[in-house]
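What follows is a single structure, written as structure tokens, with notes after it.
The values are calculated or read from the model by the stated rules, or taken from the named source; none is laboratory data. Everything numeric here is computed off the predicted structure, so don't read it as measured data. FYI the Cβ positions are ideal-geometry reconstructions off the backbone, even for glycines, and counts take in every protein chain you see. Accessible surface areas use protein heavy atoms only, side chains included; no ligands, DNA or RNA. Shrake-Rupley method; radii C 1.70, N 1.55, O 1.52, S 1.80 Å.
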Amino acid sequence: MDEAGCGGCQVISAEQRSSKHWELTGEGCEIAEQGSHEARVFSSIPDEGMPQGQLMKLAFGKVGFSKAMSNKWIRLDKGHEGGPRVFRTVENIEDSVRDKLLVVQKGQSSQLEEKEKSELKKRKLLSEVTVKSYWITKGSLFSTTITKQETELTPEMIASGSWKEKKFKPYNFEAMGVAPDCGHLHPLMKVRTQFRQIFLEMGFTEMPTNNFIESSFWNFDSLFQPQQHPARDQHDTFFLSDPAQAHEFPLDYLERVRKVHSEGGFGSQGYKYDWKIEEAQKNILRTHTTAVSARMLYKLAQKEKFTPVKYFSIDRVFRNETLDATHLAEFHQIEGVVADYGLTLGDLMGILHQFFTKLGITKLRFKPAYNPYTEPSMEVFSYHEGLKKWVEVGNSGVFRPEMLLPMGLPEGVTVIAWGLSLERPTMIKYGINNIRELVGHKVNLQMVYDSPVCRLDA
Amino acid sequence: MPTVSVKRDLLFHALGRTYSDEEFDELCFEFGLELDEITSEKDIISREQGDTKAEGASDVILYKIDVPANRYDLLCLEGLVRGLQVFKEKMEAPRYRRVSPTSGEPQRLVITEETAAVRPHAVAAVLRNITFTQERYDSFIELQEKLHQNVCRKRTLVAIGTHDLDTISGPFTYTAKPPDDIRFTPLNQAQEYTATELMNLYKTDSHLRHYLHIIEDKPVYPVIYDSNGIVLSMPPIINGDHSKISLNTKNVFIECTATDLTKAKIVLDMMVTMFCEYCEEPFTKETLSGDFINRKVGISESTERIAQLLTKMCLRSEVMSDGEQIEVEIPPTRSDVIHACDIMEDAAMAYGFNNIIRTTPRTYTVANQLPLNKLTELLRQDLAAAGFTEALTFALCSQEDIADKLLKNISDTRACHIANPKTAEFQVARTTLLPGLLKTLAANRKMPLPLRLFEISDVVLKDETKDVGAKNNRRLCAVYYNKSPGFEVIHGLMDRVMQLLEVKPGRDEGYHIQADTVTYGAGPASFPTLSLYSSFFPGRCAEIFAHGKSIGRLGVLHPDVISRFELTMPCSALDIDIEPFL
């Protein structure tokens, strides 16, 4: 009922009552009148018996025959001359079905046991009927004259003071309000804002990641990722045909990178293979934002005096992968990097603990892993209370000296870093199973309209 | 990450005890492995080919274990067991040494210069007095396959051939010949073929056809002969049938041919160390200080304890006489150790990552936002407040999306092209946000009108002045989709954006819009040079100027654009560059 309804007027009050009783069905009435099918079968059979075929032709024949048989009132002689024949087996019978129905017909159904009634209901001879009625009484505001109720307060009523005499229709507080006419932010971007906020709270400076196209040099070689590494395969990386090559590199740094890959140095044996500049020049869509971290660390190393830094970024990366419900060719990578003298593995785990605590995740454990440009490398697992198991929430590690020293960073400087995808925590947060419903043009706008604010630690 | 599948009971037998699934999972986790799946051959067949096919298949329980991509020494049961046993300090790290054959003469493999044209490197070794069981034999074959798929990069870098040494006689010759001059009976065939015939024969072979391209177009093919001219193999495609190994093989000749010599040596080392206690490679030794490990990991253990930890990881270590330095033996199985930091990682793993005390670095820094992202964040909030809903569309799209469907020539777009897209959806990086928004509208046609969408994100344009020849450009794009075009709505949004950016209406220092000079009747066909303008309905499009510079356009979309994006209602759009406002 809306606010115009009478539910709360209290001129009258109505109380709903209901009662139940038993009634005979059409078939039940027929039996009360003429006897049950089985009794009628019995009485139809003369002393000399009756051919079964003839009996079956009677309207009550089929049901009555089987019931009378199970009551052992009659018998069937299958071998009788001239076909199967039915005979009486008892002298008299008592038609209890009819008797019971007559009791109900007289309105004395309470004399029957529940079991008997439900038996007759099963045979569709009885039915239970519910009667709904209203008990009407005067309400608290009962009146025999009708006053028109006002729907809303108006400026005129306020000016004249007439609202004091008016009666107002009550509101129906059960109804929904009118949705405000507004725009909405995308859920993934709301989560991005929160992650940005967390990094800013922790004193991390945002890196310029607005360069989707990157050279293989910065994306792989500078990270000490060998040129035959599977990640550099056509199957995993998008290469560019136009512009196909990068044409400008810091040449002395490039030479140090070539050397550490092919010959070693900086305390490393290197990978000992023929490093080719042509591979490094190949332009690609960056496969990770670590390419930007490499550019930033190189830039940092060119400063006259090293100053400690904390960097972060959240931006798109691209993989030429097979697509499925949780993988797209592009996704957002969240990355944090800290560079300072004397950082330890314990520091990396400590800072990850702080970071994840801000996301509402406090139970962490670390698994050894492999990554070409970090050593040690650790996968970060958190205990998921809902799934009751440890789930991978990110990757982390200490950048290899083969990556940092050729850049020109001082010997004692350690760089720790971690990364995770933005889509995964968002899908978990908003309960989305198919990534296409979240990212890309196939998004369901209703989902965008309906998504709540993002509080990661709540 | 490679996955190794091993029979559980066999594994437990080799480990000398049984584990519950949880206990084993825990052990894997500590050691940097992952127990990925517990299954059986029957399960696998029934999942992939249906229950009927699976009938009668083995239901022996298999553990599928994920192994880090650089640990080739864990790719088979033997290596896994060795690694885990040493880790649990149940056995000592093995030592490998080379033995000479009783005859005293080692086998020789002679490489001729013709191979330089196709596959220049080869290394070989002999495993003597080996006893194969069915399990060991299967594991031996599977290790070859795993190595082929991983470190050998699908046989391009390295190909392995194994032979029964007692059926052939050295010295062996690795050479290269024109395909028609090579003739032999290949593995599991009954007759001889020339190499050219073989390449044809294997074109339809589901397994081998993937390797044909490695040598197919070369003038000469690699081939290995024994001293009697018997063909051992034609790498990287197929071995000869004559020298094939069996359960009864006692002496195995292993050859690895390669385009990368370092990888060939790694692969050969793996093959011999995994399957034999004799190996021809000596240890290499590294020294480092206990202090180095303590400082990097963030622990303070005695030098002796650190040496113990390393030994637990198969890196046999001893404290040197000065009490500070540790001498570490790197076995040939550990090709991943190339720097002291690799040894440090093993010490940290043996100590247990989760036993290290978590500390907070004292690095003091002040946070800064990237100005471009700061502006983006602020504008997004206000665009939503203005009644527009944020879309999030792909940065990659088809050529058609940014050209044909927008009535433009692809050559005018400054688009960056992808060389290896798997589908048309990934042909180019977008040069405008408009197609993504129009596709979002198309996917949401059932939603109540009007639809108001925006996105602030990057497009990519070719730019010669950048080192990679391309740059991102931050754009703001909005669309209004309704029964009437609503130019005034999109115009009002533009005014609001300018207000937010503190640009007042007016020429010169302020902002103004100016009708595009194209008038009615200008279609893309009649005015191909006006391609920049052509996405809009003639006469219903204006260029936006701020501080005297063109920053974008707004207008009613051309009906052809609307229908090409499978839309049915009029639509107006705003598309501006926000970088001038930084």
Worksheet item: If you look at just the Cα atoms of the stretch A:20-127, how large are its Rg and its Dmax in Å?
Response: 15.4, 54
Worksheet, complete the sentence: With N residues in the stretch B:304-430, Rg(alpha-carbon) / (2.2 N^0.38 Å) equals 2.02
Worksheet, complete the sentence: For the stretch A:256-297 the mean separation of alpha carbon contacts under 8 Å (6+ apart) over residue count, i.e. relative contact order in percent, is 23
Discussion item. Explain nothing, just the number: relative contact order of chain A, from Cα pairs under 8 Å at least 6 residues apart, as a whole percent.
Written reply: 14
Worksheet entry | Distance between modelled label sites at residue B:449 and residue B:112, nm, 7 Å Cα→Cβ extension | 7.9
Worksheet, complete the sentence: For chain B, one quarter of the surface area of the C-alpha convex hull, expressed in nm², comes to 39.4
Fill in: Karplus 3J(HN,Hα) series, Hz, for the stretch A:347-354 with 6.51 cos²θ - 1.76 cosθ + 1.60 (x for Gly, Pro)
5, 4, 5, x, 6, 5, 4, 5
Item to complete: Give me the distance in nm between label points sitting 7 Å out from Cα along the Cα-to-Cβ direction at residue B:134 and residue A:236, one decimal.
Response: 3.7
Worksheet item: Principal axis lengths of chain A from Cα atoms, whole Å, largest first?
Response: 122, 93, 44
Fill in: Reachable lysines from residue A:367, criterion Cα separation under 19 angstrom, eight or more residues apart if same chain
A:388, A:389, B:64, B:88, B:296, B:312
Practice prompt. Note every residue of the stretch B:467-499 with a reduction of at least 40 square angstrom in accessible area, all protein chains present versus the isolated chain, computed with a 1.4 Å probe, or write none.
Written response: B:467, B:468, B:472
Fill in: Surface accessible to a 1.4 Å probe, per residue, for the residues of the protein assembly as shown, Å²
47
Worksheet entry | Cβ-Cβ FRET estimate between residue A:44 and residue A:20, R0 fixed at 56 Å, reported to 0.05 | 0.90
Practice prompt. Quote the FRET efficiency, to the nearest 0.05, computed for residue B:37 versus residue A:321 with a Förster distance R0 of 30 Å and r equal to the Cβ-Cβ distance.
Written response: 0.90
Discussion item. Please give me, ordered by residue number, the GluC sites (Glu not before Pro) of the stretch A:248-309 that lie in loop per DSSP and have at most 15 other Cβ atoms within 10 Å.
Written reply: A:248, A:263, A:304
Practice prompt. Quote the accessible area belonging to residue A:171 in square angstrom, nearest 10, computed with a 1.4 Å probe and with ligands, DNA and RNA left uncounted.
Written response: 120
Worksheet item: How much space per residue, in cubic angstrom, does the convex hull of the C-alpha atoms of the protein assembly as shown take up?
Response: 356
Practice prompt. Please compute how much accessible surface disappears when A pairs with B, both sides summed, using a 1.4 Å probe, and round it to the nearest 100 Å².
Written response: 8400
Worksheet entry | Nearest-10 value in Å² for the accessible area of residue A:414, using the 1.4 Å probe | 10
Worksheet entry | Solvent exposure ordering (accessible area, 1.4 Å, most first) of B:394, B:24 | B:394, B:24
Worksheet item: In square nanometres, what is one fourth of the surface area of the convex hull spanned by the alpha carbons of the stretch A:146-191?
Response: 6.3
Item to complete: Could you work out, residue by residue across A:227-238, how many beta carbons of other chains sit within 10 Å of that residue's beta carbon, and then give the average as an integer?
Response: 3
Worksheet item: For residue A:110 and residue A:90, FRET efficiency with R0 = 56 Å and r from the beta-carbon atoms, rounded to 0.05?
Response: 0.95
Worksheet item: Which of the pairs A:259/A:299; A:190/A:442; A:190/A:358; A:62/A:122; A:259/B:466; A:276/A:299 have their Cα atoms more than 22 Å apart in this structure?
Response: A:259/B:466; A:276/A:299
Fill in: Accessible-area composition of the protein assembly as shown, carbon plus sulfur, in percent [1.4 Å probe]
50
Worksheet entry | Placed amide H near residue A:80: partners under 5 Å, 5+ positions off or other chain | A:85
Discussion item. Please list, ordered by chain and number, the residues whose modelled amide H lies under 5 Å from the amide H of residue B:330; skip anything fewer than 5 residues away on the same chain.
Written reply: B:284, B:285, B:286
Worksheet entry | Expected 222 nm ellipticity per residue - DSSP helices of 4 or more, -39500 (n - 2.57), all of the protein assembly as shown, to 500 | -8500 deg cm²/dmol
Worksheet entry | the stretch B:142-188-the stretch A:304-363 distance, computed between alpha-carbon centres (Å) | 44
Worksheet item: the stretch A:370-458: which chymotrypsin sites (Phe, Trp or Tyr not before Pro) are DSSP loop and have at most 16 other beta-carbon atoms within 10 angstrom?
Response: none
Worksheet item: Which value in Å is the Kirkwood Rh of the stretch A:314-458 over different Cα pairs?
Response: 17.0
Fill in: Relative contact order for chain B, counting Cα pairs under 8 Å that sit 6 or more residues apart, in percent
10
Item to complete: Restrict the search to the stretch A:354-458; then list the GluC sites (Glu not before Pro) that DSSP places in a loop and that have at most 13 other Cβ atoms within 10 Å of their Cβ.
Response: A:385, A:411
Response to the item:
P(r) over all Cα-Cα pairs of the stretch B:184-332, 5 Å bins from 0 to the longest distance, whole percent per bin, short to long, reads 2, 8, 12, 14, 12, 10, 8, 7, 6, 7, 7, 5, 2, 0
Worksheet item: Straight-line reach from residue B:53: which aspartates and glutamates have a Cα under 19 Å away, not including same-chain ones fewer than 8 places off?
Response: B:41, B:43
Discussion item. Report the gain in length on full extension from residue B:52 to residue B:357: 0.36 nm times residue separation, minus Cα-Cα distance, nm rounded to one decimal.
Written reply: 104.4 nm
